[in-house]
Amino acid sequence: MTDHTFQTRLLHNEHKFDPTTGGVSVPVQHASTYHQSFDEPGKYDYSRSGNPTREALETTIAELENGTHGFAFASGMAAISTSFMLLSQGDHVVITEDVYGGTFRMIHDVLHRFGIEHTFVDMTDLNAVATAIQPNTKLLYIETPSNPVLNITDIQAVVKLAKANDCLTFVDNTFMTPALQRPLDLGADLVLHSATKFIAGHSDVVAGLAVTNDQSLGEKLGFLQNSFGSILGPHDCWLVLRGLKTLHCRLEQSQRTAEEVATFLARHPAVEQVYFPGFSTHPGHPTHRYQAEGPGAVLSFQLKDEEAVRTFTQRAEVPVFAVSLGAVESILSYPKAMSHASMPQEEREKRGITDGLLRLSVGLEHPKDLIEDFKQALHSIQTRHLFLDGRVKREIT
Ligand SMILES: *Cc1c(COP(=O)(O)O)cnc(C)c1O
């Protein structure tokens, strides 16, 4: 099966049909415990340690990431936090400064208490990464494209630095999914996902995944998954498996629309800047093109100020205004007040997360409807500014 394209392997994999009944959907096994014969314990004993529905998801994601060991967790953060438990007291992590907010919180506010130290760096700057590595550094942690301004990190270059310094490399691959980027093929040791986003794709399940192609790392992570116990329940595993089947066509469609929307926004006078790795003017474009098969379906853009953002989000009717991304419906979010609200303003602005920045995750709406909607919302900003300018002028004169 592995010589088929990714698109086909999403459907025709080891779990094409249930070997017991021939059913073409993986059965949901709700049992928490399993009858055992006294002399031969059997493959499953207790569902925290092993569950056939979870196993179907775990082997499927492992295969799609070209890994050997897959793990499904109760959330992306559960996958990430459990993976951090591979570290020990006294270890040090070099981590990208524009990492996902929950990962920032975990490493900054939790792991710190357990004696695991960290240095945040701009991972687009390889010299900064090399300089941050200490004798006790055990892990380089990447997110590319990053959130929300879509910076690109050269995975292979960071892996090279990691290997030279006896460190592991973890990559949060949530924005790309294995449909577009396979970090294990680029030398990374562990791939992490919030499957809540593109992988499940329908805004109806919270889930996390981790994959490695290293036997020893796989065994350690399996041990930690069972020890921590933040496993994904069987019904949620089934939802993720169902979402996975359409991953390729959802992403294809969404990223094509994202390109159209990004181009429209970039040409609009009310938009000051558009961040999209698909643009040849994006500083990370050549690296991204090398290591990924497409720009993805997330972009961010900058309006004049908070007032412009307020008008735009109140007038735009098609996208939902919410946190999260990677869904069938377009999601517009305001990083300053949502994902990065807990970050001090100075830190935020250093990362380009200004009062005027909006992030858009493009869904499956027709591109024309999205563009028309944004056109009228941006027009409202312009007329409002004209009105305000007029009023200010009258007040002055
Ligand atoms: C959402 C997200 C997470 C956290 O995943 P949850 O499923 O919400 O716990 C981690 N990394 C990235 C890049 C995300 O977008």
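Couple of notes before you dig in:
- The ellipsoid that matches the Cα gyration tensor of the chain has semi-axes, each √(5λ) in whole angstrom, of 39, 26, 19, with the longest given first.
- Reachable aspartates and glutamates, given that their alpha-carbon falls under 18 Å from the alpha-carbon of Lys16 and they are not under 8 places away in the same chain: Asp3, Glu55, Glu58, Glu63, Glu65
- The angle between the Cα long axis of helix 215-228 and the longest principal axis of the Cα atoms of the chain comes to about 80 degrees, rounded to the nearest 10.
- Note on the range 174-220: Rg/Rh from C-alpha atoms, Kirkwood Rh, equals 1.02.
- Charge sum, other residues only, whose C-beta stays under 14 Å from Pro52's C-beta, Lys/Arg counted +1 and Asp/Glu -1: -2
- Cα-based helix-to-principal-axis angle, 247-267 vs the chain, degrees rounded to 10: 20
- Long pairs among Lys197/Lys304; Lys304/Lys350; Lys197/Lys350; Lys43/Lys138, criterion Cα-Cα beyond 23 Å: Lys197/Lys304; Lys197/Lys350; Lys43/Lys138
- Mean Cα-pair separation over length for the range 99-238, i.e. relative contact order, pairs under 8 Å, 6 or more apart, %: 15
- Helix 234-245 axis versus longest C-alpha principal axis of the chain: approximately 60°, rounded to the nearest ten.
- Alpha-carbon centroid distance for the pair the range 351-387 / the range 265-279, whole angstrom: 10
- Order of Thr177, Thr103, Thr281 under a 10 Å beta carbon neighbour criterion, fewest first: Thr281, Thr103, Thr177
- Here's the list of aspartates and glutamates a cross-link from Lys336 could span, going by alpha-carbon distance under 12 Å and ignoring same-chain residues fewer than 8 apart: Asp305, Glu306, Glu346, Glu347, Glu349, Asp355.
- Least to most buried among Val323, Val149 (fewest other Cβ within 10 Å first): Val323, Val149
Any read-out appearing in this document is the output of simple, stated calculations on the displayed coordinates, not a laboratory observation. Please read all numbers here as calculations on a predicted model, not as lab measurements. For neighbour counting, all protein chains shown are included, and Cβ atoms are generated from backbone atoms with ideal geometry for every residue, glycine included.
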